[in-house]
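This report refers to the structure that appears directly beneath it.
The values are calculated or read from the model by the stated rules, or taken from the named source; none is laboratory data. Because the structure is a prediction, the values reported are computed rather than measured. Here the Cβ positions follow ideal geometry from the backbone for every residue, glycine too, while neighbour counts run over all protein chains shown.
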């Protein structure tokens, strides 16, 4: 299967360096989440991979080939960068037929992707009547049209309703399970955590992380244990001799940082502390992401005053 290879990629717009000596691989058989603050260079990088921009230096290839060398690119690479790209006066079906004919894709494939993306019932309506979510589905249908080995999607969940979000998760997992290369850019951390296996994180055009998602989280978020008890004094007494400190939260539960749930369980049991709840609080992708990118955000709002 074909992967994406980015090597020492640099792109400048005037005096601004949008992509700065970037190197990473996107491998087949997994969903790679492409993360970073606004202005980090994600969209520019995807445009460079697709030959829509020229780099100042470096390269972006697909299986060792530049996108421009594919005679029928939709058979190899499917992409959604802009849900508004389809001409509003065309029907959804005609938009896909135009793409199919130009890439020698069988016409029957158009009806297949319309059904797969849930657009069969509105296929003969003009695109200008589509909602944002329907346009997103049409863009995804176009990306899948050539049954490509590589799929790049920029904010595919944008505008989708809850049913659509569940559908896109399953679609991404299926594509990766079939051995395809899947790169998904998103600002939605919880959503990315639901489908990504691997993360590539950018900040101000530079590579900040290229790692499996679980490793990314565990390396940046302190493990902690959640405890609920009717006797917090006894809890504190049981933990203190062993170097642990319980922190109280507004809803009445306590957390113990840098601790394992089985260790806290043994200590509280030995001390006879009444425990109503004992659980590991795993770090979230959102927590780890903000820990890494706080100093790399180009556009920030001032904190709100209480």
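What number of residues within segment 153-176 satisfy the criterion of being part of a helix (DSSP H, G or I) and either in contact (Cβ under 8 Å) with a residue 40 or more places away in the chain or touching a helix residue (DSSP H, G or I) at 6+ places or on another chain (Cβ under 8 Å) (or both)?
Residues in segment 153-176 being part of a helix (DSSP H, G or I) and either in contact (Cβ under 8 Å) with a residue 40 or more places away in the chain or touching a helix residue (DSSP H, G or I) at 6+ places or on another chain (Cβ under 8 Å) (or both): 10 in total.
Which residue is farthest from residue 285 (Cα to Cα), if the candidates are limited to segment 238-247 and must be assigned to a helix (DSSP H, G or I) and in contact (Cβ under 8 Å) with a residue 12 or more places away in the chain?
It comes out as 238.
Considering only segment 177-194, state which residues are over 23 Å from residue 60 (Cβ atoms) and either free of Cβ contacts under 8 Å to residues at least 24 places away in the same chain or in a helix (DSSP H, G or I) (or both).
Of everything in segment 177-194, those that are over 23 Å from residue 60 (Cβ atoms) and either free of Cβ contacts under 8 Å to residues at least 24 places away in the same chain or in a helix (DSSP H, G or I) (or both) turn out to be 177, 178, 189, 190, 191, 193, 194.
Which helices (runs of 4 or more DSSP H) does segment 56-152 wholly contain that include 1 or more residues that are in contact with a helix residue (DSSP H, G or I) (Cβ under 9 Å, 6 or more places away or on another chain) and within 21 Å of residue 43 (Cα to Cα)?
Because the criterion is at least 1 residues that are in contact with a helix residue (DSSP H, G or I) (Cβ under 9 Å, 6 or more places away or on another chain) and within 21 Å of residue 43 (Cα to Cα), the helices (runs of 4 or more DSSP H) in segment 56-152 that meet it are 132-144.
Is one or more of the residues making up segment 56-78 touching a residue at least 12 places away in the same chain (Cβ under 8 Å), surrounded by fewer than 20 Cβ atoms within 10 Å (Cβ to Cβ), closer than 28 Å to residue 289 by Cα and out of contact with any strand residue (DSSP E or B) (no Cβ under 9 Å at 6 or more places or on another chain)?
No.
What number of residues within segment 9-42 are under 15 Å from residue 200 (Cα atoms) and not in a loop (DSSP other than H, G, I, E, B)?
Result for segment 9-42: 16.
Just name the residue that is nearest to the chain's Cα centre (by Cα) out of those in segment 249-292 that are part of a loop (DSSP other than H, G, I, E, B) and surrounded by fewer than 13 Cβ atoms within 10 Å (Cβ to Cβ).
Per the stated criteria, the residue is 282.
I'd like the full set of residues that are in contact with a strand residue (DSSP E or B) (Cβ under 8 Å, 6 or more places away or on another chain) and closer than 22 Å to residue 221 by Cα, limited to segment 264-284.
264, 265, 277, 278, 279, 280, 281
This table checks each residue for (1) in contact (Cβ under 8 Å) with a residue 40 or more places away in the chain; (2) not assigned by TED's automatic domain parsing to the domain that holds residue 29.
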position: 206; (1), (2): yes, no
position: 217; (1), (2): yes, yes
position: 229; (1), (2): yes, yes
position: 236; (1), (2): no, yes
position: 249; (1), (2): no, yes
position: 252; (1), (2): no, yes
